[in-house]
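A.B. asks: Structure below; questions to follow.
The values are calculated or read from the model by the stated rules, or taken from the named source; none is laboratory data. None of the values given here were measured: they were computed from a predicted structure. Because the Cβ atoms are built from the backbone with ideal geometry, glycine has one as well, and the counts that use them run over all protein chains shown. Accessible surface is based on the protein model in full, side chains and every heavy atom, while ligands, DNA and RNA are left aside. Shrake-Rupley method; radii C 1.70, N 1.55, O 1.52, S 1.80 Å.
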Amino acid sequence: VVQKKGPSKPRIDCIDGCRFALVMPIVVAHFARFSTTNKTLLKILTQENVLVGGFFVISGYVAAYTSTKLNERSADEKKLAKPELFFWQKVMGYYPLHFTVLSFFTPMFVQVERWFKTPLKTTLFRAFLSFSMLQAWFPKEAEIWNQPTWFLSALTFSNLTMPAVLPAVARLSKNGLQKLFCALTAVSLLQKISWSETSRFHVHNVTKKDSHPLIWNLTRFHPFWALIEMTMGIVAVRNVMLDTEEDRKKPRVDPINYFLAAYGTLLLRLTPLFDFNDGMVRACLFVPMYTKFLTAVHRDCLSENPAPVTRFFGSKMMTYFGGLAFPMFILHGPIGQVFYKKILATRLWGRPMPNAFFPVYLAICLGCSHLLNENFVKNKQVGKIAGQVAQWLASKTEGMLQDRA
């Protein structure tokens, strides 16, 4: 029996550009306090815990776009036929770079642990968590060593569930997708309200530590909440993929409106009454608005006359910078520690680098990301080995994600 081939899916280049618009402010945010002493600027710049929600949404968006059928309420059976292989291929899409960067900087991380007189068993445990990408499950250890890679830890758990989540969401109609999106938003917001009631509804003081840090880490790092946001991305793209000809003829909203609304939520910190904490802004405002932006820019890029913002994010320049997003996300933490972690920078440079050095730090991150992207991420031999490892791991875990009698 010859199966009828479904309609081909056009590549959405503008999504790559959107990644860079997320990663750059996150890179700035992690070391923003070394760029300026202006408290107003610091309030705006230090909102990485809001922006990272967009990364999980995009991850789900792309996963569903490539693994479910266009104009049909079903998943791509061919891609999900071997769920273990599907999972390991996702992991091996990012683990080689994570492993390489982590291995390169491990001597530095271990030396810093020694300077802090950290017990050997704790250092070994942190090494295990970092290399196994399990740190997001441990609120005390979520930001160990290369802090931003907690994202990969949470993403890996979400990817583990994708063989079950993708078909379930793909079966829904537009009405069901809308209900599911509202339910996911409500669950996410309920958890943020719980955190806020325990701590405070308003934003933290940018010059002081957060209260109840372990509960805050469970709020922003826990893999389950990442899965919620990733599923929201799946729901969003499925809504676009089910558009009918009648839907496509409806008047479109310029994506710039949703883009400005999403990023405009970062300015709430400057208001006296609406400076809600990052969790509240992320769940209630940024993620829903950013999701609307992704669907709007997706629909717009398929039109005959895309809006300027769509053409910008889909341009060669932004596609190039989008390719740097992942290497930059992985690299900027260790590079930043070299220049700004007090115990390390003092021994290397006599002190943490001054504010005037911050543009140089960003340029170094961009330059190193370019080299890593061109010589490692795009390297065909690395991709071949990663594919072979994924095949081997899938063979050793066959049946792990399947219900077999």
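A.B. asks: Would you confirm, using the coordinates I've provided, whether THR310 is part of a helix (DSSP H, G or I), touching an Asp or Glu at 6+ places or on another chain (Cβ under 7 Å) and not aliphatic (A, V, I, L, M)? Walk me through it before giving the result.
C.D. replies: Numbers: part of a helix (DSSP H, G or I): yes; touching an Asp or Glu at 6+ places or on another chain (Cβ under 7 Å): yes; not aliphatic (A, V, I, L, M): yes.
Yes, satisfied.
A.B. asks: Moving on to the next point. Which number in (1) of a type outside the set (D, E, K, R); (2) in a helix (DSSP H, G or I); (3) crowded, with 22+ Cβ neighbours inside 10 Å marks the one condition that TRP145 misses?
C.D. replies: (2)
A.B. asks: Here's a follow-up. With LEU177, LEU160 as the choices, which residue is closer than 30 Å to THR122 by Cα, part of a helix (DSSP H, G or I) and in contact with a helix residue (DSSP H, G or I) (Cβ under 8 Å, 6 or more places away or on another chain)?
C.D. replies: Step by step, each of LEU177, LEU160 is checked, and only LEU160 is closer than 30 Å to THR122 by Cα, part of a helix (DSSP H, G or I) and in contact with a helix residue (DSSP H, G or I) (Cβ under 8 Å, 6 or more places away or on another chain).
A.B. asks: Among the residues in the stretch 64-79, are any of a type outside the set (A, V, I, L, M), under 30 Å from ASN277 (Cα atoms) and touching a residue at least 60 places away in the same chain (Cβ under 8 Å)?
C.D. replies: For the stretch 64-79, residues of a type outside the set (A, V, I, L, M), under 30 Å from ASN277 (Cα atoms) and touching a residue at least 60 places away in the same chain (Cβ under 8 Å): absent.
A.B. asks: Would you mind telling me which numbered condition in (1) outside any loop (DSSP other than H, G, I, E, B); (2) surrounded by fewer than 20 Cβ atoms within 10 Å (Cβ to Cβ); (3) polar (S, T, N, Q) GLN337 fails?
C.D. replies: (2)
A.B. asks: Give the residues of the stretch 65-122 that are assigned to a loop (DSSP other than H, G, I, E, B), of a type in the set (Gly, Ala, Ser) and under 23 Å from the mean Cα position of the chain (by Cα), sorted by residue number.
C.D. replies: GLY93
A.B. asks: Kindly list the number of the only condition in (1) among the hydroxyl-bearing types (Ser, Thr, Tyr); (2) without any contact (Cβ under 8 Å) to a residue 12 or more places away in the chain; (3) under 28 Å from ARG269 (Cα atoms) that fails for THR346.
C.D. replies: The number of the failed condition is (3).
A.B. asks: Quickly run through the stretch 359-388 and pick out the residues that are of a type in the set (Lys, Arg) and within 18 Å of LEU331 (Cα to Cα).
C.D. replies: LYS378
A.B. asks: Output the helices (runs of 4 or more DSSP H) that fall wholly within the stretch 207-298 and possess 2 or more residues being closer than 30 Å to PHE157 by Cα, or say none.
C.D. replies: Here the list reads 213-221, 223-241, 255-264, 278-281.
A.B. asks: Buried (at least 17 other Cβ atoms within 10 Å of the Cβ) and closer than 30 Å to TYR263 by Cβ: is that true of ALA21 in this structure?
C.D. replies: Values: buried (at least 17 other Cβ atoms within 10 Å of the Cβ): yes; closer than 30 Å to TYR263 by Cβ: yes.
Yes: the conditions hold for ALA21.
A.B. asks: Would you check which residues across the stretch 219-255 are within 30 Å of PRO139 (Cβ to Cβ) and in contact with a Leu (Cβ under 7 Å, 6 or more places away or on another chain) and list them?
C.D. replies: Within the stretch 219-255, ALA226, ILE228, THR231, MET232, ILE234, VAL235, ALA236 qualify.
A.B. asks: For the stretch 112-140, give me each residue that is free of Cβ contacts under 8 Å to residues at least 12 places away in the same chain and among the polar types (S, T, N, Q).
C.D. replies: Correct list: THR118, THR122, SER132.
A.B. asks: On to the next question. Please work out if ASN355 is free of Cβ contacts under 8 Å to residues at least 40 places away in the same chain, over 19 Å from MET108 (Cβ atoms) and either open to solvent by less than 10 Å² (accessible area, probe 1.4 Å) or polar (S, T, N, Q) (or both).
C.D. replies: no
A.B. asks: Restricting the search to the stretch 123-142, which residues are open to solvent by less than 20 Å² (accessible area, probe 1.4 Å), assigned to a loop (DSSP other than H, G, I, E, B) and modelled with pLDDT of 90 or more?
C.D. replies: Result: MET133, single match.
A.B. asks: Looking only at residues in the stretch 74-83 that are surrounded by fewer than 20 Cβ atoms within 10 Å (Cβ to Cβ) and of a type outside the set (A, V, I, L, M), which one is farthest from LEU129 (Cα to Cα)? I'd like the intermediate steps shown before the answer.
C.D. replies: In the first step, residues of the stretch 74-83 are kept if they are surrounded by fewer than 20 Cβ atoms within 10 Å (Cβ to Cβ); the result is 74, 76-82.
From the residues that got through so far, the ones that are of a type outside the set (A, V, I, L, M) too are 74, 76-79, 82.
Working: SER74: 36, ASP76: 33, GLU77: 34, LYS78: 33, LYS79: 30, LYS82: 27 Å.
So the residue we want is SER74.
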